[in-house]
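Worksheet: the structure to be examined is printed underneath.
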Amino acid sequence: MCVRWTRWRRNRRDGCRPVIEGRCICGGVTVELPRAPEYLNACNCRLCQRSGGIWGYFPRDEVTIRGETRRFVRSDLDEAYLANLFCPTCGNAAAWIALDSEYPRMGVNMRLFEPDALRGIETRFPDGLGWAKEAEGPAFVHEPAPYGGGRIL
């Protein structure tokens, strides 16, 4: 997929590689990715509901985050397993990383990127309430839909 904000950046390891860049609302945090994600997750856990994140997943070594970030680790769960990174100025969620440093992937908030770049990418609606053991009963989970095919508010 070619989008207007895709650009080429010189990389010492592999010559030139495509880099897509997203940023928080104040511009204090930027995230660089080598490509668009395979799919997007619109999780329904309480944290994702309230932060408004839609997540794309990448190996940790493929993501570059620039600027100051702060971490938030949930204290309301029996066992926390993620640290959420956010901009301390505007509060936008940037990414999450596993507390276990051996976990190979991380989630990037794809709402930091231009919406046109995400069109056509499958959006999944996983049961994050169930994963985090937050659901009091069965959670409503949507069927997959392409981003932009239906509106995600």
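Remarks
- Listed by position, the strands (runs of 3 or more DSSP E) inside segment 24-68 whose residues that are farther than 15 Å from Cys87 by Cβ number at least 3 are 55-59.
- Residue ID - modelled with the lowest pLDDT, chosen from residues in segment 1-23 that are closer than 16 Å to Val108 by Cβ and not in a loop (DSSP other than H, G, I, E, B): Pro18
- Residue pairs whose Cβ atoms lie under 7 Å apart, separated by 6 or more positions or on different chains, with the first residue in segment 102-123 and part of a strand (DSSP E or B) and the second among the hydroxyl-bearing types (Ser, Thr, Tyr), are Arg105/Tyr57; Gly107/Tyr57; Glu122/Tyr39; Thr123/Tyr147.
- Considering segment 77-101, the residues that are among the hydrophobic types (A, V, I, L, M, F, W, C), assigned to a strand (DSSP E or B) and crowded, with 18+ Cβ neighbours inside 10 Å include one that is modelled with the lowest pLDDT, namely Leu82.
- Subset of segment 102-126 [closer than 22 Å to Phe72 by Cβ and at pLDDT below 85]: Pro126
The values are calculated or read from the model by the stated rules, or taken from the named source; none is laboratory data. It should be emphasised that the depicted structure is a prediction, and the values quoted were computed from it without experimental measurement. Reconstructed Cβ throughout: ideal geometry from the backbone, glycine too, with neighbour counts over all protein chains shown.
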